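Here is the structure we will look at.
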Amino acid sequence: MTMMLLSTNSALFLALFLPLSAIVLLGALREFPRARDVAHVGTAVVTFSLVLLLLVRFLKADIPNVFLFEVMPGLPINFSIEPLGMVFALLASGLWIFISLYAVGYMRANGEEHQTRFAMFFTLAVAAALGIAFSANLFTLFIYYELLTLSTYPLVAHKGTPEARRGARIYLSILLSTSIGFFLVAIIWTWTVAGTLDFAAGGILQGHLDPGYAPLLLALFAFGIGKAALMPFHRWLPSAMVAPAPVSALLHAVAVVKGGVFTLLKVSVYIFGTGFLSATHAAVWLCWVAAISIIVAAVIAISKDDLKARLAYSTISQLAYVTLGVALANQMGMIGSTMQIVMHAMAKITLFMCAGAIYVAAHKTKVSEMSGLGRQMPITFIAFFVASLSIVGLPPMGGAWSKWFLLLSAADANQIAMIAVLGIGSLLSIAYLMPIPVKALFGAVPAGQAPSDAHEPPLSMLLPICATALGCVLLFFFANEIYGFLLHVPLLPPEGGLQ
Amino acid sequence: MHHHLILRVVAKLLLPFILLYALYVQWHGDYGPGGGFQAGVIFAVGFILYALVYGVDALVRVVPRGVLVGAMAVGLLLYAGTGVVSLFLGLDYLDYSRLAHDPVHGQEWGILLVELGVGIAVAAAMTAIFVAFATREPDIDDEDW
Amino acid sequence: MGIILVDLMLFGFLVLTALAIMRLTNLFAVTMLAGLFSLLAAGLFVTMDAVDVAFTEAAVGAGISTVLMLSALALTARNEKPFVIVSRRMAVPLICCLVTGAALIYGTLDMPAFGDPDAPVHTHVGGEYITRVIPDTGVPNIVTAVLASYRGYDTLGETTVIFVAAIAVLLLIGFPRSATRRRDEDGSE
Amino acid sequence: MPETLPEQVPNQLADLLIFIGGHYNYWMVIVLMMIGLYITISRGNLVKKIVGLNIFQTSVFMLYISMGKVAGGTAPIITGNPDEVYSNPLPHVLILTAIVVGISTTALALALVVRIREAFGTIEEDEILTIERDLEFPAQEASK
Amino acid sequence: MIPQAIISQLPILQVIVPLIAAPFCALLGGRNRAWALAFAVSLVTFAISAMLFASTLDGTVLSYQLGGWAPPIGIEYRVDALNAFVLLIVSGVGALTMLYARESVAYEIDERHHGLFYSAFVFCMTGLLGVTITGDAFNVFVFLEISSLSTYALVASGAKRDRRALTAAYNYLIMGTIGATFFVIGLGLLYMITGTLNMADLAHKLVEHGDSRTLRMGFAFIVVGFGLKLAMFPLHLWLPNAYTHAPSAVSAFVSATSTKVAVYLMLRFLFTVFGFSIPFEVDVLRTIVLPLALIGILAGSIVAVFQEDLKRLLAYSSISQIGYMLVGITLLTPGGLMASIIHLFNHAVAKAALFMVAGAYVMQAGTSTISDLRGVGRDMPFTTAAFVVGGLSLVGVPMTVGFISKWYLVQAALEQGWWPVAGLIVLSSLVAFAYVWRFVEAAYMYPTPDGVIRREAPLTMLIPMWIFAGSSIFFGLNASLTSAAASRAASGLIAASSLIWQ
């Protein structure tokens, strides 16, 4: 109840900096693994409750504004809350609880080294994700975006083997080169043109940017936000598969790719403005790029035998849905995209935790080796099945709604081809996901393979898996609340023009 | 070096004149060509001549390395110190106007002082450089020569 | 006209000396010619009224510099390796020099003529020194007055430079080579 | 004015001669400078380079001293004769300073050469480069 | 608090205090005495420059007449926002490297040389300060030579560790002297057509003089001369070896200050003295300096990626970073100049930290070869963390001061519509990332070679390196001070020139 006494600004401040200070604590508890792990999960819980508190206040129209300092004249580090950021923050901090719990179990069960370093950078990554969520301007967002990139590097390279180093190097180099090469240029361009980088309802570019240049600037943003994994800058995601399973979950569900598409969403809504985008048709080309990503990545996913690689390409395909929603540039698209972020996060985190559980329990990574494994670990595979259904977009899973809104959006935008693309994408996702749980649960153990003595993973891993699988189902029933919340996203400039 | 008798005698005779000439150049710099720098070089030449004839070791016995470095510092500090004195007299650095009762004489005094500083510093520095070279043992085979 | 002839002769000798320095491989001879070059330069300075400079150039260029050069030669080598004609080694420096020289000659085209009393050099600061040196300082040698008073700070810098050079030389070769090495040499004898 | 036309040619010639007379000594200085620079950057012998540098610098001194010369002037030492024309003292002062800087540089360079000779056993640039390359890539040295 | 009499004498004290102290260092000899004096003096010098900086930040220009002779008869010291900023950088780096030098020099230099070494060190600082503060063009040459000669000696004293320091110093000497002589030639040409040596007076007279071939060549020679001193591509050949083989403290100090001072001189001459009164100046900058700077940026970075030795890697990175400053200058806009000046600061701070780290490795691990430093991040966590911070600043990652300068630079390029230039700047940042990360990866992600024992660097080395690393972050987070100083300096330069800029 003491939390109620916090002013909204302090709550926001705490939500941003509590995780950061927890890093020091984690480092100090290096010698006491148990206390460290408790602190890790505890930080996640406290942070989530802070975000919840912020949500409550936000629903009461109590909007905080934390101004840290001005880095350069006109470019402050500034935080505020708007509906999209709220959703992302809830997502990231909420899933963090599960993933931290799961990570503790996974790291211990696997006997990994450098667990403290892992926990510290993990916390840093989530802190960066929260920073992205609450940024009040593009400049602040960019800083946290880069912080997220750098903080996840040690996680990806965690194992320290040559292939881990190579994967991490690709991960880092693509993310950094796109962000500095395109994203930063786009930001500076925006700053030069518009004179501000604040996120504002209805966008800040209208009337400042020559519409002829809008597609180019959008391209710089779309490819510059490499975390959105738009083809052809998607290579980092499969490369990062060398990371331990909790890290993969972090990358795919909690922070990194979600941070990417969320940034893209925010840029389209608050920098370009949906109206400006649709009026100038600046984003039509982006629809096609997203469509190609959806199809091509899905086809590649089918061909992958490595479970994590298959999931990685699935992520690329599914996130292109978000980009597609952005590119359609209407309200339904925005809502569909945001929902897709949420639904996909919930489902993908389940899938990756399952993949990690399978690895810990049976040391299997290949899809072809998993046939019949479901009998030893039924709960895991049932969870996998549920999550797969959500990804495909079948009711009664949350994924159904996001696909539905995206279809509506494509119809709104008169992009009939995109409706077809969405359909094909879903069909392909059935092809690459469904066989895994089905074969595991009902298939025969392949000939010549010794029956494994695998069993369900430890409880600290199993519990989060069940919880998030359940979450996939629950989201189906609470979609209306999310929809209602997202209607608050301001798409038009406030009366009387820009502030 | 002991067989060049004539050289030794001539050098011994020349040496006082070289040093005297150096002093003349030093003090006469205000009126004719010359000044501290030229005087210092000539002074150093005197030392070098001494070293060439009597051996560097003899020179080092007369003016050890430490003395040379000290003299260099004294010369430089005499110059820089003259400027500091101007500061204490309430003037800008190296403004000699108050070194004597009237500005023109002050200038003369100042010029004399700093020229002396230059002379000492240059003579000592040149000698020190020469000594450094000359005391370095040749690491060279006779065939090379 | 006579002065021009003297000038031309001096220049001629200077160029010849410089070319000879370029051609010769005996470093001893090169050193001697470098001394000669300085002496000729000093002569040239005298014809251009720069007696102080001539004095210094003679003392430094022909005196100290030659002595130092010889001392250094005693510690290094007497002969230069014969110059091998390699086009790469020839061409780049040659082009550099030709370009630089051409640029300079281009620059001379707008220069005030040699000896022109109306050149900006003489009408601005330089001329002022001549008129005010006696009332300001009472020192008849204008060069000394400018050196030690008007631009005395430059001269402090100059003294510092020579001090630094001495410090640097002492730092580099002012101490006997390391004791270990000497012991090795003693052991081998 | 057609009458003046024939006179223009000798005028031009005279101008040219005057121009040459007023500039030849800069040109000679430039020739000397370039010889010095050429010796510095083309020769491989470290001592020779220093000599070249000296020639280069001395020629620059000549350039400065040339500027200071006033036709019919004398050395800038006040004689008391009010009609006396003096050459400009400022370039002389600058060059005095520059000469000192030059000898300082030479002394330091020679000291370096002495040390290089002790460390590498040679003062030829190409030989030193070979030794340094072997230090840089010890593997190649072993294979030789 | 401080008497006005001393305040008015600050400009000369800035130079004269170290100048007088340096001979005493030589006389004191012995390790701790010479060091203590040098350190004390560098602190005083820093305090003086801080006071100068504070008193010029509001746009005041201090003028000090040496010998009491009014310019152009006498020599003038002139302090404005720009050179006060550079003075602050030089003396600040000087003070901190002096602290750092105690352990590092004790390890790398024979004790009997310490007196002379510190004397040369202080002289080097004196020279750089003198060059920066002076308003007289020939005085620049004299003090430039003081700093150069002492730098040659300092670089050569790295010979105890590696004899290649000697040849590096020799080549540096030859190229540096040619550069200085070019400057003297250029200055001679200017003097010939104006008759003055005072910078402000020169500027005035040059505007009166108008365009001429002599002026053009004077300009060209001065640019080439400074180009040699600041290691502008392709005149950089002396730099990599000199920085690699110099003693660590010297590498840190020289890399952070001497090229910066040369950049300052370039700015001063381009804007204050020549002032763009002739179109030739702009043409040269745009058609020759700009392409060379861009090539330098890329080539320096790319070559750095393939270096095996950490110090050499950093040296090549310097060549590339200098290119950024030159690009900022050639933009000829307030934004570009500001970017250059901030980058000057950024690079000084980051490079000092990085070379200090390299020096700590040399001392504690006996090597600066990257492959021998594997796993060093675990053995020397604080040192290596400083490297990461400095390296990221070099790349221009947000929250480091490097980001600020790149931001301004890209922005200035975009304002001019120079898209390819902006692209190249960004691209080379990525290459910079490659070379920084190459080492970071080796330091953290590889196991320590067997049998290697390395201990964390002593506190006197860690403190200065972390002050630099910390200020990389601090000024990256709060750029208002640096931005204000840089923008003041930039507008001062623009105002002094006849550039017409809307």
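The values are calculated or read from the model by the stated rules, or taken from the named source; none is laboratory data. All figures in this text were calculated on a predicted structure; none of them were measured in a lab. Reconstructed Cβ throughout: ideal geometry from the backbone, glycine too, with neighbour counts over all protein chains shown. In case anyone asks, the SASA skips ligands and DNA or RNA and just uses the protein heavy atoms, side chains included. Shrake-Rupley method; radii C 1.70, N 1.55, O 1.52, S 1.80 Å.
If you take the Cα Rg of the range B:5-136 and divide it by 2.2 N^0.38 Å, with N the number of residues, what do you get?
Working: Rg = 17.0 Å, N = 132, 2.2 N^0.38 = 14.1 Å.
Scaled against compact globular proteins, the figure is 1.21.
Using +1 at the C-beta of Lys and Arg and -1 at the C-beta of Asp and Glu, which of E:L331, E:L392, E:I494 has the Cα lying farthest in the positive direction of the dipole of the range E:307-497?
E:I494
Among the DSSP beta bridges whose two residues both lie in the protein assembly as shown, what percent are antiparallel, rounded to the nearest 5? It would help to have the intermediate numbers written out before the result.
On the way: 19 of 20 bridges.
DSSP beta bridges in the protein assembly as shown are roughly 95 percent antiparallel.
Once you compute Rg and the Kirkwood Rh from C-alpha atoms, what is the Rg to Rh ratio for chain A?
Reported Rg/Rh (Cα atoms, Kirkwood Rh): 0.95.
Amide H of E:T369: which non-local residues (sequence gap of 5 or more, or other chain) have their own amide H closer than 5 Å, using H built in the peptide plane?
E:L310
Largest first, how would A:E31, E:E441 line up by accessible area (1.4 Å probe)? Write down the numbers at each step before the final one.
Details: A:E31 135, E:E441 10 Å².
Ranked from most to least accessible, the order is A:E31, E:E441.
To the nearest 0.05, how large is the calculated FRET efficiency for C:F175 and E:S8 if R₀ is 41 Å and r is the Cβ-Cβ distance?
Values: r = 44 Å, r/R0 = 1.07.
For R0 = 41 Å, the calculated efficiency reads 0.40.
Enter the Cα centre distance for the pair the range C:1-77 and the range E:395-410, rounded to the nearest angstrom.
So the two Cα centres are separated by 54 Å.
Mind grabbing the accessible area of A:V51 for me, 1.4 Å probe, Å², rounded to tens?
0
Is the range E:361-502 rounded, prolate or oblate when judged by the Cα gyration tensor, a ≥ b ≥ c being the square roots of its eigenvalues, rounded requiring a/c under 1.5 and prolate requiring a/b larger than b/c?
Details: a/c = 3.46, a/b = 2.04, b/c = 1.70.
Prolate, because a/c is 1.5 or more and a/b exceeds b/c.
Within a 10 angstrom radius of each residue's Cβ in C:92-105, how many Cβ atoms of other chains show up on average? Whole number is fine. Please list the in-between numbers first.
Numbers: counts 2, 7, 4, 0, 5, 10, 2, 1, 11, 8, 2, 8, 14, 8.
Mean number of neighbouring Cβ atoms from other chains: 6.
Taking a probe of 1.4 Å, how large is the accessible area per residue of the protein assembly as shown, in Å²?
Values: 48360 Å² over 1479 residues.
Using a 1.4 Å probe on heavy atoms only, each residue of the protein assembly as shown averages 33 Å².
Looking only at other chains, what is the average number of their beta-carbon atoms within 10 angstrom of each beta-carbon in A:184-195?
Details: counts 9, 8, 0, 3, 12, 5, 0, 4, 7, 1, 0, 0.
Mean shielding by partner chains, rounded to a whole number: 4.
Starting from the Cα of E:K160, step 7 Å along the direction of its Cβ; do the same at A:V445; then give the gap between the two resulting points in nm.
Label-label distance for E:K160 and A:V445, simple model: 7.1 nm.
With unit charges on the beta carbon (Lys/Arg positive, Asp/Glu negative), name the residue among D:I95, D:L37, D:L112 whose Cα is farthest towards the positive pole of the charge dipole of chain D.
So the residue we want is D:L112.
Considering the Cα positions of the protein assembly as shown, please state its Rg to one decimal place and its Dmax as a whole number of Å.
Values for the protein assembly as shown (Cα only, Rg and Dmax): 37.2, 123 Å.
Can you give the accessible area of B:D102, probe radius 1.4 Å, in Å² rounded to 10?
It works out to around 50 Å².
Which whole-angstrom value gives the distance between the alpha carbon centres of the range B:47-121 and the range D:37-67?
So the two Cα centres are separated by 31 Å.
Nearest 10 degrees, 0 to 90: what angle lies between the long axis of helix A:399-412 and the longest principal axis of chain A (Cα atoms)?
The answer is roughly 40 degrees.
Using the Karplus curve 6.51 cos²θ - 1.76 cosθ + 1.60 with θ = phi - 60°, work out ³J(HN,Hα) for each residue of the range E:306-312 in order, rounded to whole Hz, and write x for Gly and Pro.
So the Karplus estimates, Gly and Pro as x, are 9, 7, 8, 9, 4, 5, 5 Hz.
What pairs in D:K49/E:K351; A:K159/A:K308; E:K229/E:K311; A:K227/A:K366 have C-alpha atoms more than 22 Å from each other? Don't jump to the answer; show the numbers that get you there.
Details: D:K49/E:K351 32 Å; A:K159/A:K308 16 Å; E:K229/E:K311 20 Å; A:K227/A:K366 26 Å.
Beyond 22 Å: D:K49/E:K351; A:K227/A:K366.
With a cut-off of 8 Å between alpha carbons and a minimum separation of six or more residues, what is the relative contact order of chain A in percent? Each step should come with its number before you reach the end.
On the way: 904 pairs, mean separation 74.5, N = 499.
The normalised contact order for chain A reaches 15 percent.
Go from 0 up to the bin containing the longest alpha carbon distance in chain E, width 20 Å each, and give me the % of pairs per bin.
Percent of pairs per bin, in order: 25, 60, 15, 0.
Would you give the gap between the C-alpha center of the range E:230-254 and the C-alpha center of the range E:420-468, rounded to a whole Å?
Rounded to whole Å, the Cα centres lie 18 Å apart.
How many Cβ atoms of partner chains, on average, are near each residue of A:71-82 if near means within 10 Å of its Cβ?
Numbers: counts 12, 11, 5, 0, 3, 0, 3, 0, 0, 0, 0, 0.
The per-residue average across the peptide is 3.
Just to be sure I understand: if you take the accessible area of chain D alone plus chain E alone and subtract the pair, with a 1.4 Å probe, what total do you get in Å², rounded to 100? Show your work: numbers first, answer last.
Details: alone 10610 and 17920 Å², together 25530 Å².
Buried: approximately 3000 Å² between E and D.
First check a/c for chain C, with a ≥ b ≥ c the square roots of the eigenvalues of its C-alpha gyration tensor; if it is under 1.5, answer rounded, and if not, answer prolate when a/b is larger than b/c or oblate otherwise.
Since a/c reaches 1.5 but b/c is at least a/b, the shape of chain C is classed as oblate.
Would the range A:238-300 count as rounded, prolate or oblate if I go by the C-alpha gyration tensor, calling it rounded below 1.5 in a/c and otherwise prolate when a/b exceeds b/c, oblate otherwise?
On the way: a/c = 4.78, a/b = 1.68, b/c = 2.84.
Oblate shape, in that a/c is at least 1.5 and b/c is the bigger or equal ratio.
Ranked from highest to lowest mean number of other Cβ atoms within 10 Å per residue, what is the order of the peptides C:116-127, E:403-414, C:34-45? Walk me through the numbers on the way to the answer.
Numbers: C:116-127: 19.8, E:403-414: 26.6, C:34-45: 23.5.
Averaged packing, sorted descending, gives the order E:403-414, C:34-45, C:116-127.
Can you give the Rg/Rh ratio of the range A:1-282, where Rg is from the C-alpha atoms and Rh is the Kirkwood radius? Numbers along the way, then the final one.
Numbers: Rg = 18.9 Å, Rh = 19.3 Å.
Ratio of gyration radius to Kirkwood radius: 0.98.
Take every Cα pair under 8 Å in the range C:4-116 that's 6+ residues apart, average their separations, divide by the length, and report that relative contact order as a whole percent.
Details: 73 pairs, mean separation 28.7, N = 113.
Reported relative contact order: 25 percent.
Could you state the angle between the C-alpha long axis of helix E:334-365 and the longest principal axis of the C-alpha atoms of chain E, as a value from 0 to 90 degrees rounded to the nearest 10?
That works out to roughly 30 degrees.
Using a 7 Å offset from the Cα along the Cα-to-Cβ direction at both C:D116 and B:H28, what is the distance between the two label points in nm, to one decimal?
3.8
Tell me the total accessible area that B and E bury against each other, 1.4 angstrom probe, in square angstrom rounded to 100. Each step should come with its number before you reach the end.
Numbers: alone 9560 and 17920 Å², together 26310 Å².
Counting both chains, the buried surface is close to 1200 Å².
For Cα pairs less than 8 Å apart in space and 6+ apart in sequence, what is the mean separation divided by the residue count of chain B, i.e. the relative contact order in percent? Intermediate results must be reported in sequence, preceding the final value.
Numbers: 177 pairs, mean separation 40.9, N = 145.
Relative contact order, chain B: 28 percent.
On C-alpha positions alone, give me the angle between the axis of helix B:103-135 and the longest principal axis of chain B, in degrees, nearest 10.
20
Can you send over the solvent-accessible area of E:E415, 1.4 Å probe, protein chains only, in Å² to the nearest 10?
100
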